[in-house]
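All of the numbers you see were taken from the coordinates with simple rules; none came from a lab. This one's a predicted model, so the numbers in the text were calculated from it and none came from an experiment. Counting neighbours? That spans all protein chains shown, and the Cβs are built from the backbone with ideal geometry, glycine included.
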Amino acid sequence: MMKVDDFLTSPTEACAKTGPMDTIVLSSRVRLARNLAGTPFPGWAKKNEKQKICDEICSAAQSIDILKDAFIESMANLDALEKNLLVERHLISREHAAKNHGSAVIISKNQVFCLMINEEDHIRMQSLLPGLQIKEAFAQIDSLDSALETKLEFAFSPKLGYLTACPTNLGTGIRASVMLHLPGLVLSEQINQIINASNKLGLAVRGLYGEGTEALGNIFQISNQKTLGLTETEIVERLIKVVHELIKHEEDARAKLIEKKPKFLLDHIGRAYGILSNAHSIESKEAMNLLSLFHLGIDLGLFPGNKVSLPKELFLITQPAHLQKFLSEQLSPKERDVLRADLLRKRLADVKKPLSKFPNIDTTSLDKMQNP
């Protein structure tokens, strides 16, 4: 049996993938919820029914070219570490990680596609791409959906659309989302205003790992809430329009911080680098928030010669499951904190301290105003 870690691309390779506007838009995802006709939803299905549904879906998936050479495994055969690795890669949900017999995961060889079998719905399939590529992600998952629909009969109502376990997914069954890095809006204390405005537009704003999670590392997940009464194209177009506005707000926030509070911004980035490169014990939450500032420093040219993929990779490999997989024995939280700090110091040893001013921007007069 192939192990998850043997199938997944390395963190370096995964984080080196680029896409449009990827300094702010980390990734785009489109997920579709589907259920088989004439069978109970996973929450009501008996154990033998769930297994039969799972087998039928996995068999259909294996016959589709897009999923040739895919990783297909029962959730019962994955240990806790393997499941958490998939959560940290955003390939499965935390809820699916809790599943066992009768549930499965299917991941395409290029790791663009992932199907969660018998999570809340019979199938939750997603396309995940770097940067702002919502249209592209939708086109890809729509193609996979069409291919699966030639093999399986989905529960569909001419009046209501695709039938789902949760009424909020009824209709198109689509959830389009982007992962945004918004340190400028957080530092300028505008983020609550942005979240409220997004909610009023019918969008959900969540944390790093979706519903009920914290926005660690200044990373926010923005997605549509309405799936009924709109077409997939309308939902995607509406989200793209809002994302472009959010990108502009973040860029403006960064520019104003550089113009009005250069020392404030330099101090935050400098302190983050100092702790990351010198700490001997650091918790996951603190590391993520400091890596966000290191990421911002690279974006703003304060660490010349370093690629933006570096903080992204450090962000991933210092997550608990990725950190754990380096050692065979189980680590306590405190042991992980020490190992995380050791890893960060080693990886940042060749990164020179940040520049003392922003490239091509004269902040001398502003510095004197702030420090008379």
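Key figures
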| quantity | calculated |
| --- | --- |
| Footprinting exposure proxy for MET179, MET2 (fewest neighbouring C-beta atoms within 10 Å first) | MET2, MET179 |
| For region 4-255, projected area of the alpha-carbon convex hull averaged over all directions, nm² | 13.2 nm² |
| Within straight-line cross-link reach of LYS50, aspartates and glutamates at Cα separation under 17 Å, skipping those fewer than 8 residues along the same chain | GLU73, GLU95, GLU119, GLU120, ASP121, GLU153 |
| Computed over region 261-370, Kirkwood Rh from alpha-carbon pairs, angstrom | 14.8 Å |
| Acute angle (nearest 10 degrees) that the helix 191-200 long axis makes with the longest principal axis of the chain, alpha-carbon atoms | 30 degrees |
| Exceeding the 28 Å Cα-Cα cut-off - candidates LYS17/LYS248; LYS17/LYS226; LYS99/LYS151 | LYS17/LYS226 |
| Packing-based exposure ordering (other Cβ within 10 Å, fewest first) of CYS166, CYS58, CYS15 | CYS166, CYS58, CYS15 |
| Descending Cα extents along the principal axes, region 78-172, whole Å | 43, 32, 26 |
| Residues HIS295, HIS90, HIS101, sorted so that the one with the fewest Cβ neighbours within 10 Å comes first | HIS101, HIS90, HIS295 |
| Sparse-neighbourhood loop sites, GluC sites (Glu not before Pro) in region 160-256 - DSSP loop, at most 16 other Cβ within 10 angstrom | GLU189, GLU211, GLU214 |
| Cross-link reach list, lysines versus LYS346, counting only Cα pairs under 19 Å and skipping chain neighbours closer than eight places | LYS307, LYS312, LYS325, LYS334 |
